[in-house]
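**Student:** Here you go, one structure.
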Amino acid sequence: MLSKEKKQKIIKKAAVHEKDTGSASVQISILTERINRLSEHLTKNKKDQHSRRGLLKMVVRRRKLLDYLKHTSEENYQKITHNLKLKQK
């Protein structure tokens, strides 16, 4: 779980406009942070298969959002992948 303060910082960085909390770029940023935290957890707890399944679901969801962003706005796609240091497809 992300703390409220941490989530607000992520939203502020990725927001397209002032009241933006649900755009694709914001969702991708939040998912990336959750994926990174869960990856750390799984390196310590190798047998936690339930969390591994949740991680895979989050990765697929992020990939779909990235594909949507690439289709709708190539500029925002380039920006978000560069800021989050993600591989471009």
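**Student:** Which of the listed residues, L69, H50, L31, is farthest toward the dipole's positive end in the chain, when Lys, Arg count +1 and Asp, Glu count -1 at the beta-carbon?
**Tutor:** Of the listed residues, the answer is H50.
**Student:** Going down the list K6/K85; K7/K89; K13/K70; K64/K85; K7/K44, which pairs span over 21 Å between their C-alpha atoms? Write out the running numbers ahead of the final one.
**Tutor:** Values: K6/K85 19 Å; K7/K89 26 Å; K13/K70 19 Å; K64/K85 17 Å; K7/K44 24 Å.
The answer is K7/K89; K7/K44.
**Student:** Which ordering of T43, T32 is given by a fewest-first count of other beta-carbon atoms within 10 Å?
**Tutor:** Values: T43 8, T32 21.
Ordered by Cβ neighbours within 10 Å, fewest first: T43, T32.
**Student:** Mind running the shape call on the chain? Use the C-alpha gyration tensor, a ≥ b ≥ c as the square roots of the eigenvalues: rounded below 1.5 for a/c, prolate if a/b tops b/c, oblate otherwise. Kindly include the intermediate steps, with their values, before the conclusion.
**Tutor:** Numbers: a/c = 2.36, a/b = 1.49, b/c = 1.59.
Oblate, because a/c is 1.5 or more while a/b does not exceed b/c.
Throughout, read-outs are computed from the coordinates displayed, never taken from laboratory work. Quantities reported herein were computed from a predicted structural model and do not represent experimental measurements. Here the Cβ is made from the backbone with ideal geometry for all residues, glycine too, and neighbour counts use every protein chain on show.
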